[in-house]
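The values are calculated or read from the model by the stated rules, or taken from the named source; none is laboratory data. Bear in mind the structure is a predicted one, so any value in this text is a computation, not a measurement. So basically every Cβ, Gly included, is an ideal-geometry build from the backbone, and we count neighbours across all protein chains shown.
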Amino acid sequence: MDSTTVIITTTDNRVLLQKRDENPDIEYPGYYSLVSGYLEEEETPLDGIIRELKEEFEHKKSQKVHFSSITYLGSEYRADYDRWEYIHHTYLMDDAADIRILEGESFVLLDMDECLRLENLAPHHKLFLLKYRAGLCKIDVREQSKKMFDEITVRDLIKVESVGDVKNYSLLEAGTGFVIGEGTTLSASIPAVEAAKYIGFLQFVPKVLRGNHYHFRKVEYMLILQGRMHATFQKYDDSEAVIEEIWEKGDLVRTLPGCVHTLTALGESNVLTIEFSPQPYVARDVLMNDKK
């Protein structure tokens, strides 16, 4: 019987590993492993992962745990069990402190190097992580990838009273936030769970569209510093799943992987924004939307 596996990472690139039960009837009892399970009859690998995520995790405060779009990475034949294992990736979008695991003893979040140093990491999952880190897994968006969670885009909207004149911007030394202001005068502060690895100052000109692309890995935050703009969100695999928004000064928006976003300034003035991300900018992760 084939199985399906998912590499779950946080937006600061830590890997979620499950500590397996000390049950001699399961594979690698007591080992750390990725989240995985056997496929049920007539179940696609993607459907199997969605089922596993729903069965194995719950949120302590709300009704469901939020993940990003699920990306199919590839498959590996396991000769030791004579089966295929299908590997996927997703981001955990909730605070890990609010998550409870329902299967296995516990879970941990570790940097990739820490994961690979574990002596009791399931060996086939170590192989998957090595390939994932090396970028050897092929990104293959198949027809089945259209079956995703209800929302591929999670948007956090935060109002700040005043941004003021932006003289400079810098990361806090502790790496826990983003500050806009002059000297010690704080104009706006954006709390962040992770440190930013990419920062860009963007200017939007009226009647000129920007964007019309999406990312497989990058999570984008954008803070509007000046002006108003029109934003269109679209699922990359469904041209009819569209959300339109009007943003204005003080709005902070988070866009997750898999969401096509197109932006344009409204009115006669340019719109000024700062864009930042917990992932570094990688040109090959900018995928243009070819659907009309």
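What to note about this one:
- Among residues that are modelled with pLDDT under 85, under 16 Å from VAL35 (Cα atoms), under 16 Å from the mean Cα position of the chain (by Cα) and of a type in the set (A, V, I, L, M), LEU73 is included.
- The single residue among PRO257, PRO278 that is surrounded by 18 or more Cβ atoms within 10 Å (Cβ to Cβ) and touching an Asp or Glu at 6+ places or on another chain (Cβ under 7 Å) turns out to be PRO278.
- Output for segment 76-101, where each listed residue is of a type outside the set (Ser, Thr, Tyr) and more than 22 Å from the chain's Cα centre (by Cα): GLU76, ARG78, ALA79, ASP80, ASP82, ARG83, TRP84, GLU85
- Within segment 215-251, the only residue that satisfies the criterion of being closer than 11 Å to ILE274 by Cα and polar (S, T, N, Q) is GLN226.
- Strands (runs of 3 or more DSSP E) fully within segment 42-105 counting 2 or more residues that are within 11 Å of VAL6 (Cα to Cα): 71-78, 83-91
- Of the residues making up segment 227-249, those that are of a type outside the set (A, V, I, L, M, F, W, C) and either within 24 Å of ILE70 (Cβ to Cβ) or crowded, with 17+ Cβ neighbours inside 10 Å (or both) are GLY227, THR232, GLN234, LYS235, TYR236, ASP237, ASP238, SER239, GLU240, LYS249.
- Within the span defined as segment 267-275, one or more residues are more than 28 Å from THR90 (Cα to Cα) and acidic (Asp, Glu).
- Filter result (touching a helix residue (DSSP H, G or I) at 6+ places or on another chain (Cβ under 7 Å) and surrounded by 15 or more Cβ atoms within 10 Å (Cβ to Cβ)) within segment 90-111: ILE101, LEU109
- Qualifying positions in segment 33-82 - closer than 25 Å to ARG254 by Cα, surrounded by 13 or more Cβ atoms within 10 Å (Cβ to Cβ) and among the basic types (Lys, Arg): LYS54, LYS64
- Filter result for the condition that a residue is surrounded by 18 or more Cβ atoms within 10 Å (Cβ to Cβ), more than 20 Å from SER68 (Cα to Cα) and aliphatic (A, V, I, L, M), over LEU272, LEU252: LEU272
- Residues of segment 58-79 satisfying the condition of being more than 12 Å from ILE8 (Cα to Cα) and either touching a residue at least 40 places away in the same chain (Cβ under 8 Å) or of a type in the set (Gly, Ala, Ser) (or both): GLU58, HIS59, LYS60, SER62, TYR72, LEU73, GLY74, SER75, GLU76, ARG78, ALA79
- Selection count, segment 251-290, where residues are of a type outside the set (A, V, I, L, M) and more than 14 Å from THR232 (Cα to Cα): 17
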